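Engineer: The structure is given below, and queries will be raised subsequently.
The values are calculated or read from the model by the stated rules, or taken from the named source; none is laboratory data. Bear in mind the structure is a predicted one, so any value in this text is a computation, not a measurement. Cβ coordinates were reconstructed from backbone atoms using ideal geometry, including for glycine residues, and neighbour counts include every protein chain displayed.
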């Protein structure tokens, strides 16, 4: 898995960004992604859980959305291309209140089509800055119904000098999984 830290509003360039419900106005984005060909080991259609073997041999349980329409077309030994992307975007806003929300977007292959699809989960938390320590580059924030949390701010975050008590810090965490069935072995 490769990891890249970007310090610009580049969330829109993320391959799965168009699937997210709302793109943040980011001050900093951290991205991790993995792409692999996996083999289906088993599928529990009633529980909507598929177990796949990764290239390293590790078994991975994958939750299949209940609305998946083509589980009857997959069997152990089928191969899939899986792509996983995880992104964390931070944004600074003047004023505001703490809040939290989450959402999910699911796009599946049509009934009878090649099994596959994408699932995007997004969580958003807005926290109010309650203390700023410029010398140690830390801020203390309080989210909805939480105790204050102290956070270290990286030297690369240029907007640190603009942060003041009462500002809000928005955090958007997005994870996306895309799955595409490959042609069966020996198929032309």
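Engineer: Which residue is surrounded by the most Cβ atoms within 10 Å (Cβ to Cβ), if the candidates are limited to the range 103-121 and must be part of a loop (DSSP other than H, G, I, E, B) and touching a strand residue (DSSP E or B) at 6+ places or on another chain (Cβ under 8 Å)?
Structural biologist: Within the range 103-121, the subset part of a loop (DSSP other than H, G, I, E, B) is 109-115.
Checking the rest, the ones that are also touching a strand residue (DSSP E or B) at 6+ places or on another chain (Cβ under 8 Å) come to 109, 114-115.
Values: 109: 18, 114: 13, 115: 21.
Checking each candidate, the answer is 115.
Engineer: Is there a residue being buried (at least 16 other Cβ atoms within 10 Å of the Cβ), within 17 Å of the chain's Cα centre (by Cα) and closer than 30 Å to residue 144 by Cα anywhere in the range 55-66? Steps first, please.
Structural biologist: Within the range 55-66, the subset buried (at least 16 other Cβ atoms within 10 Å of the Cβ) is 62, 64.
Going one step further and asking which of them are within 17 Å of the chain's Cα centre (by Cα), we end up with 62, 64.
Retained after the next criterion (residues that are closer than 30 Å to residue 144 by Cα): none.
Taking every residue of the range 55-66 in turn, none turns out to be buried (at least 16 other Cβ atoms within 10 Å of the Cβ), within 17 Å of the chain's Cα centre (by Cα) and closer than 30 Å to residue 144 by Cα.
Engineer: Do you know which of the residues in the range 178-188 that are surrounded by fewer than 18 Cβ atoms within 10 Å (Cβ to Cβ) and at pLDDT 85 or above is farthest from residue 89 (Cα to Cα)? Before you say what the answer is, go through the steps one by one.
Structural biologist: Quick first cut of the range 178-188, residues surrounded by fewer than 18 Cβ atoms within 10 Å (Cβ to Cβ) only: 180, 182-188.
Next cut, at pLDDT 85 or above only: 180, 182.
On the way: 180: 27, 182: 32 Å.
If we take residues in the range 178-188 being surrounded by fewer than 18 Cβ atoms within 10 Å (Cβ to Cβ) and at pLDDT 85 or above, then 182 is farthest from residue 89 (Cα to Cα).
Engineer: Can you find a residue that is touching a strand residue (DSSP E or B) at 6+ places or on another chain (Cβ under 9 Å) and over 28 Å from residue 126 (Cα atoms) anywhere in the range 82-95?
Structural biologist: Quick first cut of the range 82-95, residues touching a strand residue (DSSP E or B) at 6+ places or on another chain (Cβ under 9 Å) only: 82-95.
Then keep just the ones that are over 28 Å from residue 126 (Cα atoms); that gives 82-83.
Checking the range 82-95: at least one residue is touching a strand residue (DSSP E or B) at 6+ places or on another chain (Cβ under 9 Å) and over 28 Å from residue 126 (Cα atoms).
Engineer: Among the candidates 142, 137, 147, 131, single out the residue that is farther than 30 Å from residue 179 by Cβ and in contact with a helix residue (DSSP H, G or I) (Cβ under 7 Å, 6 or more places away or on another chain). Give the derivation first.
Structural biologist: Details: 142 fails: in contact with a helix residue (DSSP H, G or I) (Cβ under 7 Å, 6 or more places away or on another chain); 147 fails: in contact with a helix residue (DSSP H, G or I) (Cβ under 7 Å, 6 or more places away or on another chain); 131 fails: in contact with a helix residue (DSSP H, G or I) (Cβ under 7 Å, 6 or more places away or on another chain).
Answer to the selection: 137.
Engineer: Additional query: Could you list, in sequence order, all residues of the range 141-166 that are on the phi < 0 side of the Ramachandran plot, part of a loop (DSSP other than H, G, I, E, B) and either under 25 Å from the mean Cα position of the chain (by Cα) or free of Cβ contacts under 8 Å to residues at least 12 places away in the same chain (or both)? Walk me through it before giving the result.
Structural biologist: Filtering the range 141-166 down to residues on the phi < 0 side of the Ramachandran plot leaves 141-144, 146-165.
Then drop every residue that is not part of a loop (DSSP other than H, G, I, E, B), which leaves 143-144, 146-148, 153-157, 163-165.
Scanning the range 141-166 gives 143, 144, 146, 147, 148, 153, 154, 155, 156, 157.
Engineer: Right, another one. Being surrounded by 14 or more Cβ atoms within 10 Å (Cβ to Cβ) and either modelled with pLDDT of 90 or more or in a strand (DSSP E or B) (or both) is the filter here, so list the residues in the range 124-140 that pass it. Give the derivation first.
Structural biologist: Initial filter on the range 124-140 (surrounded by 14 or more Cβ atoms within 10 Å (Cβ to Cβ)): 124-130, 132, 137-140.
Passing the criteria: 124, 125, 126, 127, 128, 129, 130, 132, 138, 139, 140.
Engineer: So, of the residues in the range 102-138 that are under 27 Å from residue 150 (Cβ atoms) and without any contact (Cβ under 8 Å) to a residue 24 or more places away in the chain, which turns out to be farthest from the chain's Cα centre (by Cα)?
Structural biologist: 135
Engineer: All but one of (1) touching a helix residue (DSSP H, G or I) at 6+ places or on another chain (Cβ under 7 Å); (2) exposed (fewer than 13 other Cβ atoms within 10 Å of the Cβ); (3) within 30 Å of residue 169 (Cβ to Cβ) hold for residue 45; state the number of the condition that does not hold.
Structural biologist: Result: residue 45 fails condition (3) only.
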